[in-house]
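For reference, the structure discussed in these notes is given below.
Read the figures in this text as sums done on the coordinates, not as results from a lab. From a predicted model like this one, the values you see are computed outputs, not experimental measurements. Quick reminder, even Gly has a Cβ in these numbers, built from the backbone with ideal geometry, and neighbours come from all protein chains shown.
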Amino acid sequence: MNKQTKPILSEYEYRTHRLGRISTLIGLLLILSIPLFFCVIYDVIPNWTAFFQGALKIVPMFYAVGIIEIINYAPMLGAGGTYLAFITGNLTNMKIPAAQVGLDRAGVETTSEQGEIISTISVAVSTIVTDVIIIIGMLLVIPLTRWINSVPVLQQVFDLSEGYVISALFGALGVVFISRNWKLSVAPLVCMLALFIFLPGAVSNGTIGALSIPIAALIAAFAARFMFNKGWLVKKEKAERK
Amino acid sequence: MTTEQIWSIKNGAYLYIMGIVVAIFVLAQSLIFLTRAWKRGKEIGLSTDKMKSAAVSSATFSIVPSIPIVLSLLTLAATLGVPYAWTRLTVIGSMIYEVTAAEAVASAGNISGDLSVFSAAMWVMAIGILIGPIFNIFFLKKYQGAIKKLREKNTAWAEVLIAALFMGMIAALGSKEMAKGGVALLTLFSGALLMGVFGLIINLTRAKWLENFALPLSMIGAIALSVLYVSLGMA
């Protein structure tokens with residue numbers, strides 16, 4: 001077959017995109033139908049001042065960051081994983097690490113069709129686990145609230161933005177992936193540490209926090225390209241064969 | 001309308017029913033993608049063992065990071081009521097986004113005592129985060145095609161690039177935790193140390209079964225240690 005006429009996406013991938021688009025559209029309509037029917041059922045007209053004030057604060061930043069995020073994350077998640085993850089959220093603290101851990105355990109290349117399948121499986125399983133836990137959590141919500149709130153230490157440790165779950169996650173995850181690819185980690189780690197140490201306000205600044213990920217990814221990609229061109233990133237097995 | 005009446009609407013049947021519909025949708029979508037991928041995996045010769053180990057490691061990994069999400073449900077439920085808070089955390093929302101959105105609307109009116117302000121908050125939360133799905137509907141196919149082309153041109157570089165993008169994410173979020181210092185820094189190093197120890201044990205004893213649990217156990221261990229650090233007043 002002529003190379004130019006060879007389709008870029010396989011039949012399976014075409015179907016994944018079709019299913020992804022349809023299910024995303026259903027998801028979107030579902031998300032929007034909740035406030036719509038709420039207003040109809042309870043005969044409420046939204047307070048437009050509050051709406052525009054809120055939307056103006058939220059939309060420009062979250063839309064700009066959202067586009068950068070998807071460009072940055074889609075290659076790590078594959079097609080199926082991206083459709084799923086961008087409906088269910090919790091990307092950096094759950095879906096992307098879950099996909100990477102799954103790929104790592106299965107030992108397949110991220111960009112191959114096998115990688116596509118493994119990341120879809122990982123993201124789907126991760127979504128199911130989280131949703132089941134949230135449902136259990138909701139059923140236990142009242143006793144759990146009382147317990148956590150009665151123990152200040154636990155309240156502090158499990159707080160999402162100020163707590164320590166994310167620290168534990170990235171400590172453990174960091175060791176796994178940095179030990180595999182330590183050369184790739186040097187440039188982004190040094191730059192980001194410098195940013196957060198010399199600009200202490202950056203740690204609590206939401207905009208810098210959100211932008212730091214694509215910036216670090218860009219630094220990592222440039223450094224990787226440089227090292228790749230220099231031949232410093234020769235795969236272990238190839239080096240061993242030599 | 002009294003605050004009590006508003007509270008009972010926020011925790012009323014309609015929002016619970018919609019929450020259940022959303023949860024069923026999300027679970028069904030995941031199951032459909034999962035079974036398709038599994039079937040395709042078998043077709044192209046991916047071993048069941050590999051797929052199983054990916055599924056098990058993803059499942060065990062996902063348990064611990066789910067805990068703060070459940071707990072953020074408690075915080076959000078205070079303003080939004082239980083069912084809508086649950087719904088928001090089941091779809092795209094993250095705690096940080098929802099709180100920012102709720103605060104942005106609340107600054108213009110009384111979110112707890114005025115149903116029109118509450119409905120405005122519902123709309124802002126729904127609309128403010130739609131960019132990802134909209135992008136996916138219109139552009140993801142083209143974008144994935146471009147990524148695939150890059151891979152066909154240079155597989156080795158495509159793999160390195162994706163590893164680098166992930167490393168960028170680890171570096172940004174990890175550095176932020178390190179720069180916080182105190183308990184955050186100690187917890188991060190505890191997680192790293194525990195994972196290192198598990199790695200050593202796995203290598204030395206060839207305890208394959210431990211591989212799936214090393215990550216969640218290291219996280220739980222580090223979180224337990226963070227409780228100790230906070231109790232000792234190291235924050």
Taking r as the C-beta separation of A:R18 and A:T207 and R0 as 30 Å, the FRET efficiency to the nearest 0.05 is 0.25
Rounded to two decimal places and with Rh computed the Kirkwood way over Cα pairs, what is Rg over Rh for chain A? 1.01
Average partner coverage of B:150-157, which counts Cβ from other chains inside 10 Å: 3
Of B:G109, B:G233, B:G168, which is farthest along the charge dipole of the protein assembly as shown in the positive direction, counting Lys and Arg as +1 and Asp and Glu as -1 at C-beta? B:G168
Can you give the angle from 0 to 90° between the axis of helix A:96-106 and the longest principal axis of chain A, with both taken from C-alpha atoms, to the nearest 10? 40
For region B:133-191 and region B:16-47, what is the separation of their C-alpha centers, rounded to whole Å? 24
Within the set A:G137, A:G115, A:G66, GNM on chain A using Cα springs under 10 Å gives the largest fluctuation to A:G137
Average projection area in nm² (convex hull over Cα atoms of chain B, one quarter of hull surface): 17.7
State the answer as a single residue: which of A:A168, B:L140, A:G209 lies farthest towards the positive end of the charge dipole of the protein assembly as shown, with beta carbon charges of +1 for Lys and Arg and -1 for Asp and Glu, about the Cα centre. B:L140
By count of other Cβ within 10 Å, fewest leading, how are B:R206, A:R15 ordered? B:R206, A:R15
Across A:I133, A:I45, A:I197, the residue with the highest GNM fluctuation in chain A (Cα network, 10 Å cutoff) is A:I45
Would you report the distance distribution of C-alpha pairs in the protein assembly as shown as whole percents per 10 angstrom bin, up to the bin with the largest distance? 4, 20, 31, 27, 13, 4, 1, 0
Go from 0 up to the bin containing the longest alpha carbon distance in region B:3-129, width 10 Å each, and give me the % of pairs per bin. 12, 34, 26, 16, 9, 3
Relative to chain B, whose Cα atoms define the longest principal axis, helix B:48-80 and its Cα axis are tilted in degrees, nearest 10, by 20
Mind checking B:202-211 for the average number of partner chain beta-carbons within 10 Å of each residue's beta-carbon? 0
Can you give the charge dipole size of chain B about its Cα centre, rounded to the nearest 20 debye, using +1 on the beta carbon of Lys and Arg and -1 on the beta carbon of Asp and Glu? 1120
With unit charges on the beta carbons (Lys and Arg positive, Asp and Glu negative) and the dipole taken about the Cα centre of the protein assembly as shown, which residue among B:I92, A:A79, A:V129 sits farthest to the positive side? A:A79
Cα-centred dipole magnitude for the protein assembly as shown, charges only on beta-carbon of K, R (+1) and D, E (-1), debye, nearest 20: 1900
Tell me, what does the Kirkwood hydrodynamic radius of region A:1-101 come to in angstroms if you use every pair of distinct C-alpha atoms? 16.6
What's the angle, to the nearest 10 degrees (0 to 90), between helix A:141-150's Cα axis and the longest principal axis of chain A? 80
Which of rounded, prolate or oblate describes region B:181-235 when judged by the alpha-carbon gyration tensor and an a/c cut-off of 1.5? prolate
Provide the FRET efficiency to the nearest 0.05 for the A:L56-B:R206 pair, computing r from the beta carbons and using R0 = 51 Å. 0.30
Considering every residue in B:6-18, what mean count of other chain Cβ atoms within 10 Å of its Cβ is obtained? 2
Over 30 Å between Cα atoms: which of B:K50/B:K153; A:K183/B:K180; A:K230/B:K141; A:K230/B:K208; B:K10/B:K176; B:K149/B:K176 fall into that group? A:K230/B:K141; A:K230/B:K208; B:K10/B:K176; B:K149/B:K176
If R0 is 56 Å, what FRET efficiency do you get for A:S150 and B:N154 from their C-beta distance, rounded to 0.05? 0.45
